[in-house]
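Peer 1: Below is one structure. I have some questions about it.
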Amino acid sequence: MTFDKTQNSQLKTIMASQAPTIYSLQTPKDISLSDVEAELSQIWQSYGIGDANGALPAATRATTFSLVVYEPEETQYLLATSGYYNGPIDGILGPQMEAALREVQRTHQLPETGTATPETLAILREEIAKRHGDGTGEIGSKASYGLDAKSPRIADEIALRNPCRIIALCPTTGEDEGVKAQVSAYCPIQKQSSSTLICCEYITLTGTAAALERVGGMIPALLIGGLPKFLWWKATPDPNNALFKRLAAVCNNVIVDSCEFNEPESDLLSLQELVETGVPLADLNWRRLSAWQELTAEAYDPPLRRASLREIDRVTIDYEKGNPAQALMFLGWLANRLEWSPVSYEKESGDYQITKISFLTQDQRQVQAELAGVPVAHGGEIIGDLIALRLSSTNPQADCGTLICSETGGCMRMETQGGAQSSGLFQHVTSLSEQKAEVLLSQQVQRWGHEALFEESLAVIGKFLKLGNQ
C-alpha cells in the first residue's frame, strides 16, 4: 500500500478585498493516511486564536457529527446518462463497464482499450452537453454529484449549514496504485458572529474500489468518537459490498437517494435486504414525498370522508418517466397504511412505462393500482418526480375521490381520462426547495436511527416487487 505525500504544503488563510463565503485554513494537502489526525490537530493548534492584530477571528473545529460520503464514480454516470451502461454505480471496472467503454470507443473510432481514457471521457461529456443543450454535460440531479470538478460538491453545501467532519471516499477506475489521502479545513462565515469561525474538516481518500476496501478497517478510526456518525452512500446500495457493510455497522444512519438509482426496482429490493439485517436506513427521495403524503392524509381528515377511505379501490400515479422510485414508495406507503396485501405485479412496454399492481384489502376486496412513467419534454431537477395521483372507487356511492397534482406538472392526463369529474377533491402540491439533496441531507443529519414508517413501506414494496420476479 502506498500513499502520495507532499512535504512542503503550508497552512494558508485565503483572504480577499471582499469577504469570501468560506475561509480556507488548509487547502487540500496530500499526507499519509496514518498522519490524518496529527495533521488536523496541527491545523487547530495554529488557528485556535486570532492573529496578532485581531484582523482574523478565532477558528475552532466543529464537534457536531461525522459524515462519510461515498462519492459515485464519474465514468459510470457518464456512460449511464449516455445510454451505454445499465449496471450498478459502484466505481468498479467490471466486464459490463469495460464493454460499454469499448462500445463508445468503437463508435467514435478511438483505440479500444476498455478503460476510461481522457479522450473517451471528453466524448461522453460532449454527447451529454449536445443532448441537453446547456453545455454543462449535466443531467437532472446528476448535477448535484459534481461531474465537473470545478463545481461545488454537495458536501460543501452541507458544511455551510452543518460544520462537521466530512470523510469523502472517491473510487477511481484504472490501475490500483493504493489510496491517496488529503486533509483540508474550511470555515463557513456565520453572519451572526464575527469573532469566531466554526470550521469543517475534510478528509478525502481516493483510490480504486478495491484499494478503498483494503483500508476500510482504518476509516472508523477517523470518525469523531462519541458523536453521531452518518454514511451517505451515493452509489448503488450493495448489501454484499465489504466496505459498505463495514461502514454501515459503525454509523447511526445510512443515507441513500433513490432518485439516483440506475436500476430502481432491484436497488429498492437491496434496501429492503438491508432493513432486514438491521441497518438504520434513510432515503432522501422518501423525504420528497412528504407533501404528497400530507395532502393525501389531509384529504381524508374530515369525519364525513374518513369512513369512505376504506372504499378506495383504484389508484393511479403519474410520474416523470425515467425512475419509478417515488411512485413505488408512495404506493408502498399507501398500501401499508390501508393494510393492503399485494397479489400481482405486471409491467407493460411502450411510450408510457406502465406498471399494474393488484392488492387485496383485509375484507378481501380487490384494489387496482397503475403507475405510469409519463414522457416529458423538460424533466425537473429530480428524475422520477410525481406529477399527479388519483384515488377513487368503483362504488358510485363512495365519497373518496381525490386528485392531487404537482404545480408544475399539472393533471392533463388524469383530466383527459375523466379523472377530474370522478374526483371529489382537487389539490395542488407546490414546488418545494426541499427537493434539493443538500437541503434534505441537512435535515436528515438532525435525526438518526430507524424510521419505522419508511421501513414498513419498504417491506410492502419488497413484497410486490418480488411478485414481478416470479
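The values are calculated or read from the model by the stated rules, or taken from the named source; none is laboratory data. Since the structure is predicted, the reported quantities are computational estimates derived from the model, not experimental observations. Cβ atoms come from the backbone with ideal geometry, glycine included; neighbour counts cover every protein chain shown.
Peer 1: Within region 256-294, track down each residue that is outside any loop (DSSP other than H, G, I, E, B), hydrophobic (A, V, I, L, M, F, W, C) and closer than 12 Å to residue 458 by Cβ.
Peer 2: The answer is 256, 268, 269, 271, 274, 275, 281, 282, 286.
Peer 1: Taking the stated definitions as given, is residue 334 assigned by TED's automatic domain parsing to the domain that holds residue 366 and closer than 28 Å to residue 439 by Cβ?
Peer 2: So residue 334 passes the test.
Peer 1: Does residue 298 fit the bill of being in a helix (DSSP H, G or I) and surrounded by fewer than 17 Cβ atoms within 10 Å (Cβ to Cβ)?
Peer 2: It is true that residue 298 is in a helix (DSSP H, G or I) and surrounded by fewer than 17 Cβ atoms within 10 Å (Cβ to Cβ).
Peer 1: Something else now. Looking at the structure I just gave you, is residue 325 closer than 17 Å to residue 371 by Cβ, small (Gly, Ala, Ser) and surrounded by 23 or more Cβ atoms within 10 Å (Cβ to Cβ)?
Peer 2: Yes, satisfied.
Peer 1: Identify, from the list 231, 243, 205, 212, the residue that is under 21 Å from residue 40 (Cβ atoms) and assigned to a helix (DSSP H, G or I).
Peer 2: Being under 21 Å from residue 40 (Cβ atoms) and assigned to a helix (DSSP H, G or I) holds for just one of 231, 243, 205, 212, which is 212.
Peer 1: Residue 299 passes all but one of (1) of a type in the set (A, V, I, L, M); (2) touching a Lys or Arg at 6+ places or on another chain (Cβ under 8 Å); (3) in the same structural domain as residue 217 (by TED's automatic domain parsing); which number fails?
Peer 2: The failed condition is (3).
Peer 1: Continuing with the same structure: Basic (Lys, Arg) and under 18 Å from residue 258 (Cβ atoms): does that describe residue 356?
Peer 2: Judged against the criteria, residue 356 is not a match.
Peer 1: Among (1) part of a strand (DSSP E or B); (2) surrounded by 19 or more Cβ atoms within 10 Å (Cβ to Cβ); (3) at pLDDT below 75, there is one condition residue 72 misses while meeting the rest; what is its number?
Peer 2: All conditions pass for residue 72, except number (1).
Peer 1: Just to check your reading of the model, which residue among 315, 343 is under 29 Å from the mean Cα position of the chain (by Cα), assigned to a strand (DSSP E or B) and hydrophobic (A, V, I, L, M, F, W, C)?
Peer 2: 315
Peer 1: Search region 432-463 for residues being of a type in the set (Gly, Ala, Ser) and part of a helix (DSSP H, G or I), and hand back the single one that is nearest to residue 338 (Cα to Cα).
Peer 2: If we take residues in region 432-463 being of a type in the set (Gly, Ala, Ser) and part of a helix (DSSP H, G or I), then 457 is nearest to residue 338 (Cα to Cα).
Peer 1: All but one of (1) more than 27 Å from the chain's Cα centre (by Cα); (2) part of a loop (DSSP other than H, G, I, E, B) hold for residue 351; state the number of the condition that does not hold.
Peer 2: (1)
Peer 1: Next up: Among all residue pairs at least 6 apart or on different chains, which show Cβ distances below 8 Å where the first residue, located in region 236-255, is of a type in the set (Ser, Thr, Tyr) and the second is at pLDDT 90 or above and surrounded by fewer than 23 Cβ atoms within 10 Å (Cβ to Cβ)?
Peer 2: From region 236-255, the pairs are 236/267; 236/270.
Peer 1: Would you mind telling me which numbered condition in (1) within 27 Å of the chain's Cα centre (by Cα); (2) more than 25 Å from residue 287 (Cα to Cα); (3) not in a strand (DSSP E or B) residue 308 fails?
Peer 2: With respect to (1) within 27 Å of the chain's Cα centre (by Cα); (2) more than 25 Å from residue 287 (Cα to Cα); (3) not in a strand (DSSP E or B), residue 308 is out only on (1).
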